[in-house]
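Below: one structure, written as structure tokens.
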Amino acid sequence: MNRDRYGEVIEPEPEATPAEKAMAIVNCGLCDDNGYRGVVVCDHVDRSDVARRGLEKCWKILNRKKTP
Ligand SMILES: [Zn+2]
């Protein structure tokens, strides 16, 4: 077990195993087999819902300005 200079146990960072990473890529559907979304490394988080809600907010503000 690793200890730092104060004698406290250093907890190893929980890191995804290659198998877990592969499963994340398979389950993702946003990226290709290598985990890339276009030229960007995919974090396997679908943000399209967040983006759409942000867009709706923009449209609401724009439409409000148009109406007298
Ligand atoms: Zn992905």
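The values are calculated or read from the model by the stated rules, or taken from the named source; none is laboratory data. All values derive from a computational prediction rather than experimental measurement. With ideal geometry, Cβ positions are generated from the backbone for all residues, glycine too; neighbour counts draw on all protein chains shown.
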Of all residues in segment 1-39 being of a type in the set (S, T, Y) and more than 11 Å from the ligand (Cβ to nearest atom), the one that is nearest to the chain's Cα centre (by Cα): T17
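What number of residues within segment 40-68 satisfy the criterion of being among the β-branched types (V, I, T) and within 22 Å of the chain's Cα centre (by Cα)?
Initial filter on segment 40-68 (among the β-branched types (V, I, T)): 40-41, 45, 50, 61, 67.
The next check asks that each one be within 22 Å of the chain's Cα centre (by Cα); those that pass are 40-41, 45, 50.
Of the residues in that region, 4 qualify.
Scan segment 23-44 for residues that are in a loop (DSSP other than H, G, I, E, B), surrounded by 10 or more Cβ atoms within 10 Å (Cβ to Cβ) and at negative phi and report the count. Even if it seems obvious, please write down each step before you answer.
Let us first name the residues in segment 23-44 that are in a loop (DSSP other than H, G, I, E, B), namely 29-35, 38-39, 42-44.
Imposing the further condition that a residue be surrounded by 10 or more Cβ atoms within 10 Å (Cβ to Cβ) reduces the set to 30-32, 35, 42-44.
Now drop any that are not at negative phi, which leaves 30-32, 42-43.
The number of residues fulfilling the criteria is 5.
Charged (D, E, K, R) and at pLDDT 85 or above: is that true of R47 in this structure? Even if it seems obvious, please write down each step before you answer.
Numbers: charged (D, E, K, R): yes; at pLDDT 85 or above: no.
Considered against the rule, which asks whether it is charged (D, E, K, R) and at pLDDT 85 or above, R47 comes out as no.
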Filter segment 9-22 down to the residues that are modelled with pLDDT of 90 or more and either of a type in the set (D, E, K, R) or surrounded by 13 or more Cβ atoms within 10 Å (Cβ to Cβ) (or both) and list them by number. E20, K21, A22
Could you give me the residue pairs with C-beta distances under 8 Å whose first residue belongs to segment 40-51 and is within 8 Å of the ligand (Cβ to nearest atom), whose second residue is part of a loop (DSSP other than H, G, I, E, B) wherever it lies, and which are 6+ apart or on separate chains? C42/L30; C42/C31; C42/G35; H44/L30; H44/C31; H44/G35
